[in-house]
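The values are calculated or read from the model by the stated rules, or taken from the named source; none is laboratory data. Remember, predicted model here, so these are calculated numbers, not experimental data. Counting neighbours? That spans all protein chains shown, and the Cβs are built from the backbone with ideal geometry, glycine included.
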Amino acid sequence: IMPSQGHGLRGRLDAVCQEHALNVEIVAEIDGLALLMRAVRDGLGATLQPGAAISHLDNDALRVIGVHNPVLSRPNFLVSLSDDELTPAGLAARVVLTKVMRQLVDAGEWPGATLYAY
């Protein structure tokens, strides 16, 4: 069970499968994460999701297995206006988001996430 083809996660999965000559049978395409995970809980199939999508799940209800080969990664970026164009509230929000991201990664609470300096 995966998001539809227009979704970035699905595009990444399709590219990795093609690169490694893997065949994945998509039994359903569901774009809403809550509905997709409900379908998995109901036994309709399995899914591949980033760590952030599964970090809040009840792990007793689902079996979560890390995928290490092939490596599946997808960069995400915190993007904002430059400092001189941001409002004080916007700058404060960026500072808080950066701090929270660092804390989550450093504490191991954001599975699969790695921070890079840009």
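Looking at region 101-112, is at least one residue surrounded by 10 or more Cβ atoms within 10 Å (Cβ to Cβ) and aromatic (Phe, Trp, Tyr)? Among the residues of region 101-112, at least one is surrounded by 10 or more Cβ atoms within 10 Å (Cβ to Cβ) and aromatic (Phe, Trp, Tyr), which makes the answer yes.
When the residues of region 1-38 are narrowed to those that are within 20 Å of PRO70 (Cα to Cα), of a type in the set (A, V, I, L, M, F, W, C) and part of a loop (DSSP other than H, G, I, E, B), which ends up farthest from the chain's Cα centre (by Cα)? It comes out as ALA21.
Let's see how each residue does on (1) touching a Leu at 6+ places or on another chain (Cβ under 9 Å); (2) of a type in the set (D, E, K, R):
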residue	(1), (2)
HIS56	no, no
PRO70	yes, no
VAL79	no, no
ALA93	yes, no
LEU97	yes, no
ARG102	yes, yes
VAL105	yes, no
LEU115	no, no
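Residue count for region 39-57 under the criterion of being more than 17 Å from the chain's Cα centre (by Cα) and either assigned to a helix (DSSP H, G or I) or loosely packed, with under 14 Cβ neighbours inside 10 Å (or both): the result is 4.
Screening ASP31, ASP84, ASP60 for residues that are over 23 Å from GLN5 (Cα atoms) and either at pLDDT 80 or above or among the basic types (Lys, Arg) (or both) leaves exactly one candidate, ASP84. Pairs meeting the criteria (first residue in region 15-28 and over 29 Å from ASP42 (Cβ atoms), second residue assigned to a loop (DSSP other than H, G, I, E, B), beta carbons under 7 Å, at least 6 apart or on different chains) are HIS20/PRO70.
Apart from one condition, LYS99 fits all of (1) among the basic types (Lys, Arg); (2) in the same structural domain as ILE1 (by TED's automatic domain parsing); (3) over 25 Å from ILE1 (Cβ atoms); the exception is (2).
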